[in-house]
């Protein structure tokens, strides 16, 4: 009996129509377009409008992936939802996405691996399909950051980075070696978890949030940017090389690298360190900011639409995020 492998059958993405430029942010904090671009490469990002949620955006991205693959809701066996900004403390946002899409009483799994979430979710889906348990799995990353940002100058280093959006992939059984997920490589190290985190609300505190904690900004994201940058430019090349060795590949064999869109300067440095030609890495953080778990599928979908990724191409997905977590996935699109 031949080994079962998975492949991407369709992809989808959704970003809210509301564009927020760097100039717009200067109304709320001491910053400038040039200051933001110099440090991050970001020129604008998208924010949700009233009534939009992580679930509503995720459903739009998932529906697009299903339509592209010619698959109906009744055909889906599982949905895996990756986010660091759930719509509610519980239950997970996956079930709300399920409800909007009209999926059957199928397995729903929410994971919290932050910026690395989509690659982790892809790996989980790949294992379920390889085992023969499920045949079609939706993998979606969706984030609403804009409702949880501090728009004062004290947190400008974090606030200017993030945007809202959703991206999805539909995984199914591969019938050809020319289209398959080859391998995934997942890592985490919690020794410095607090260099990028949001402390409140949390059950480690009683009460979970109070006025003092809010006054101190504990409910906003905190980031030690230089340390995060150092870890990212170390771990991303490592996990890329790990996958290349596992699949006996060279850089010449890779057609496109889709990195997590955290900071354009990180991605540029990684490309320089590994001597990757610029045309082999696609970035779109300039337009969308950091959409954490949604960034890789949004970026990959755009690369496909631009003709930068074609059927049969060797694609590497690279991610680094809070936790700290990092991961890669290698696939034949």
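The values are calculated or read from the model by the stated rules, or taken from the named source; none is laboratory data. Computed from a predicted structure; not experimentally measured. Cβ atoms come from the backbone with ideal geometry, glycine included; neighbour counts cover every protein chain shown.
Hey, can you tell me all the residues within the range 5-52 that are surrounded by fewer than 14 Cβ atoms within 10 Å (Cβ to Cβ) and part of a loop (DSSP other than H, G, I, E, B)?
The answer is 17, 27, 30, 32, 49, 50, 51.
Residue by residue through the range 210-229, note down the ones that are in a helix (DSSP H, G or I), surrounded by 13 or more Cβ atoms within 10 Å (Cβ to Cβ) and out of contact with any strand residue (DSSP E or B) (no Cβ under 8 Å at 6 or more places or on another chain).
213, 214, 225, 227, 229
Looking at 26, 40, 53, 83, which one is more than 22 Å from the chain's Cα centre (by Cα), assigned by TED's automatic domain parsing to the domain that holds residue 160 and modelled with pLDDT of 95 or more?
After applying the criteria, what remains is 26.
Only one of (1) within 23 Å of residue 177 (Cβ to Cβ); (2) touching a helix residue (DSSP H, G or I) at 6+ places or on another chain (Cβ under 8 Å) fails for residue 311. Which number is that?
(2) is the only condition that residue 311 fails.
Do the conditions hold for residue 137, that is, is it out of contact with any strand residue (DSSP E or B) (no Cβ under 8 Å at 6 or more places or on another chain), touching a residue at least 40 places away in the same chain (Cβ under 8 Å) and closer than 18 Å to residue 63 by Cα?
no
Within the range 108-128, identify whether any single residue is part of a strand (DSSP E or B), over 19 Å from residue 48 (Cα atoms) and over 19 Å from the mean Cα position of the chain (by Cα), and answer yes or no.
For the range 108-128, residues part of a strand (DSSP E or B), over 19 Å from residue 48 (Cα atoms) and over 19 Å from the mean Cα position of the chain (by Cα): absent.
Between 287, 272, 308, which is in a helix (DSSP H, G or I), at pLDDT 95 or above and under 20 Å from the mean Cα position of the chain (by Cα)?
287
Is it the case that some residue within the range 197-204 is surrounded by 13 or more Cβ atoms within 10 Å (Cβ to Cβ), under 21 Å from the mean Cα position of the chain (by Cα) and assigned to a helix (DSSP H, G or I)?
no
Among what's in the range 245-265 and is part of a helix (DSSP H, G or I) and in contact (Cβ under 8 Å) with a residue 40 or more places away in the chain, pick the residue that is nearest to residue 54 (Cα to Cα).
Ranking the candidates gives 264 first.
Suppose we filter 149, 84 for residues that are surrounded by fewer than 20 Cβ atoms within 10 Å (Cβ to Cβ), under 29 Å from residue 193 (Cβ atoms), touching a strand residue (DSSP E or B) at 6+ places or on another chain (Cβ under 8 Å) and touching a residue at least 60 places away in the same chain (Cβ under 8 Å); which single one remains?
149
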